[in-house]
């Protein structure tokens, strides 16, 4: 038997209905952490989600996610369907004309290298670690002036470029960067084409942090890190115009907004 319990566009969570609790903001770019009864099965839009022995689970919505979703809890042969409605977001879009073609179109060699880099990052983010570090309250990996925001996009000569999927924090080269939550290092590369020094930390269940444009990486793949540990230093490596940290959050390949996981910048 299917029972329908619609959940409206609640922006401030947690909320609870029956034995289900969700924590996070129901909007595009958000990470949602859930809790149900031990032994329950959970699916999102027909896709099964891993659930811990204690009944915890996690999922995320990308920048341009559809606004309507269905979360189903299966318990003792009965399923309960919850309609999730996301709040849409407006993003900063900049239109710039007169950009030289050599800037817009990298060489074939550069494109090949960038593709190899992207494959490495894809594999690091797609792995599954049965860690529960994603349940922590995240902290800022660096404090400073925010110079770039999630979801923004530039249109060069009428051609849309990839959106910005992180939060940019300006700081002098060499400023320490710390782990925003516990995890294990899954990628540490000093010289990717676009992102320069690139570090990925797996927080478990598909949730990962990526730090890019680093001048120095202080940890290696396989290193266990604790929240607040120094893991890298700010830089301007790769395609960066000045020293800053670009911090990104993923749920598998869904690119999420880090700002939704942390308190206001101190």
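The values are calculated or read from the model by the stated rules, or taken from the named source; none is laboratory data. As the structure is a computational prediction, the values presented were derived from the model and not from experiment. Note that we place each Cβ from the backbone using ideal geometry, even for glycine, and neighbour counts take in every protein chain shown.
Within region 114-155, the set of residues being over 15 Å from residue 261 (Cβ atoms), part of a helix (DSSP H, G or I) and in contact (Cβ under 8 Å) with a residue 24 or more places away in the chain comprises 114, 117, 120, 121, 122, 124, 125, 126.
Between 180, 221, the distinction of being assigned by TED's automatic domain parsing to the domain that holds residue 163, under 16 Å from the mean Cα position of the chain (by Cα) and assigned to a loop (DSSP other than H, G, I, E, B) belongs to 180 only. The set of residues in region 126-151 that are more than 19 Å from residue 254 (Cα to Cα) and either crowded, with 19+ Cβ neighbours inside 10 Å or not assigned by TED's automatic domain parsing to the domain that holds residue 213 (or both) comprises 140, 141, 142.
Among the residues making up region 159-176, those that are under 11 Å from residue 145 (Cβ atoms) and part of a strand (DSSP E or B) are 168, 169, 170.
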